[in-house]
1. Assuming Asn164 fulfils every condition listed in (1) modelled with pLDDT under 75; (2) among the polar types (S, T, N, Q); (3) out of contact with any helix residue (DSSP H, G or I) (no Cβ under 9 Å at 6 or more places or on another chain) apart from one, which condition is it?
2. Only one of Thr232, Thr227, Thr248 is of a type in the set (S, T, N, Q), at negative phi and within 16 Å of the chain's Cα centre (by Cα); which?
3. If a residue must be open to solvent by 40 Å² or more (accessible area, probe 1.4 Å), in contact (Cβ under 8 Å) with a residue 60 or more places away in the chain and assigned to a strand (DSSP E or B), how many such residues does region 245-277 contain?
4. Out of the residues in region 186-206 meeting the condition of being surrounded by 16 or more Cβ atoms within 10 Å (Cβ to Cβ) and small (Gly, Ala, Ser), tell me which one is nearest to Tyr172 (Cα to Cα).
5. Could you list, in sequence order, all residues of region 264-282 that are over 16 Å from Val315 (Cβ atoms) and not charged (D, E, K, R)?
6. Can you confirm whether region 2-24 contains a residue that is at pLDDT below 95 and assigned to a loop (DSSP other than H, G, I, E, B)?
7. Mind checking which strands (runs of 3 or more DSSP E) fall wholly inside region 303-400 and carry at least 1 residues that are of a type in the set (A, V, I, L, M), modelled with pLDDT under 95 and touching an Asp or Glu at 6+ places or on another chain (Cβ under 8 Å)?
8. Scan region 284-291 and tell me whether some residue there is at pLDDT 85 or above and either polar (S, T, N, Q) or in contact with a helix residue (DSSP H, G or I) (Cβ under 7 Å, 6 or more places away or on another chain) (or both).
Amino acid sequence: MKKLLKVTSTVLAILTVFLTVNVTTVFAAPQKVTADFSVENVSKGVKIKLNSNYKYATYVIYRKNPASNCYEEIKTVKNLSTKTFVDKKVKSGETYNYKVSAISYIVVDTKAKAITRLDTPKNLTVKTDTYKNVWGEDFVVISGLGQEYVDQLLNSKITVLSWNKVKGAKSYNIYRAKVNGSKIGTYKKINSKVSMLGKAEAADTSVMSGQSYRYKVQAVKGKYQSTLSKATKTYTFLETPRLGASLTSDYKGIKLSWVVDGYVDKYEIYRKAEGETYKLIKKLKGDEILYDKTTCMLNFVDNEVTLDTNYTYYVKMYVSNKSTNSNQVSITFRDVDVIVKVGETDSTYKKYYDEIYNVDGMLNLVGVSRDVTFTSADETIATVTKEGVITGITPGETTITMVQSSAPVIPNPEPYTTYTKTNIKVRVTEV
C-alpha cells in the first residue's frame, strides 16, 4: 500500500510539471509584429517587399487603385512563406497606394505608401546617323561657315538611341558603359551628355571614335523610376574623317588635312586623276600621321603629282575590324594658287569673304567679330577687291595677301584678336 502511494505521488509530480509548462506557453506575452514594407517598380509590375522577421503572423497586402476610394485585398502571406510579391495588375503611368496589415495576437497596420507604376523601356536600339538626317539642313544655317565645311558637318556621324515610349514617363535616364573586348565597364548616367530628339529618342554627343559602348534606358516620372531596360548590343562609334585639300606652301605637292577625334588603327589614302580609277597610294598606322597642333588636324602630303593635273582623294579609316570613308575632295596641282588671264577675274578666294559676311553685311557667327582683308603686292599685274575677287592686269606674277581676324564681341576676361595671314601666288597670262 505504501509502495502504491509512492508511485502515485511520483506520477502526480510529473503531470504537475507538464501542466505547468503548458500553462506558461499558452499565456506568454505576444511578440511585437512589424508590418513595414517597401514598394518599387520592376519589369513585370510593382514589387512589395515585407520587412519583418516574425514568422508566426499573417500579412495581408492591400492596394487602392487611382479611380477607387477603397483598399482591395490583393495578397495574403502566412508565416512569411515569401517576403516579396509582384503586383502585375497595374498600368504604366498610374499611381497606386499600398498598405499591409500584420495579424498575430493583435493587428498592426502600416501607413499607406504610394508609387507610380512605370513600365521598363523596351526595344532599345543604337545606330549611327548623320547630323543632316537628325537635325536637318537648317542645323548650320546661322553658322556662317563655307558651303564645303557645311556639307562636311551635315554628313558627320552622330550616335542615336531610340526605344518604345513608356506611358506616364515624363523623362528618361540614359546609362552608358564602355566595352573593351569582353569586359563591360560600369553603367553611368550620361543625361548631361545627351540631346533628346523626341519623347523616346536621344543623341549621344560625347562618344569617341573607335570606342565601343553599351546602353540602358530608364523611365522617370518625378521621384519614381522604372527598372533599367535590357542593354543594347556592343556598339562601336566611327567618326567620318572630314577631308580637305590644299597646295603646299612650296608648291611641291598637295596637302590633305582631316579631323578625327579618337583612336584609329590605320589609314589608307586613295587618289585618282581625271579619267582614271581610284588607287591606294599610302597606308599609314594611326600614330604615323602628322598632327598639326595649330589647326588640330591630321595631315599627309602627296608629292607624287603632275603639274596642271586635277586629282580626287578620299581617306579610309580603320578601327578594329571596321572601316569608314571620308568625303571626296578634288584639287588641281599647280605651281601657283590662281591663274587668271588679262582682263578676266577669278573668285576663288571670294568664298572666304562670303563665309564671314552674309548678304546683309552682318556677322553670321554669333558672339564673334570677324574680318578679312585682301591686298595686292603689285597692282600693275593684278588687283583684288575687298571681297577677294582677283583681276588680271598685265602678264606676270604677284602675291595677294589675305588677312583674317577674329575677336569676341564681349571680351572675357580681356580683349584679344587673333590673325591669320595667307599669301596667294597669282599668275596673269595673255588673253
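The values are calculated or read from the model by the stated rules, or taken from the named source; none is laboratory data. In this text, all values refer to a predicted model and were calculated from it rather than measured experimentally. Positions of Cβ are backbone-derived with ideal geometry, glycine not excepted, and every protein chain shown enters the neighbour counts. Protein only, heavy atoms only, side chains kept; ligands, DNA and RNA dropped before computing areas. Shrake-Rupley method; radii C 1.70, N 1.55, O 1.52, S 1.80 Å.
1. With respect to (1) modelled with pLDDT under 75; (2) among the polar types (S, T, N, Q); (3) out of contact with any helix residue (DSSP H, G or I) (no Cβ under 9 Å at 6 or more places or on another chain), Asn164 is out only on (1).
2. Answer to the check: Thr232.
3. Residues in region 245-277 being open to solvent by 40 Å² or more (accessible area, probe 1.4 Å), in contact (Cβ under 8 Å) with a residue 60 or more places away in the chain and assigned to a strand (DSSP E or B): 1 in total.
4. The qualifying residue nearest to Tyr172 (Cα to Cα) is Ala200.
5. Across region 264-282, the qualifying residues are Ala273, Gly275, Thr277.
6. Looking through region 2-24, none of the residues is at pLDDT below 95 and assigned to a loop (DSSP other than H, G, I, E, B).
7. Ranges flagged: 309-319, 338-341.
8. no
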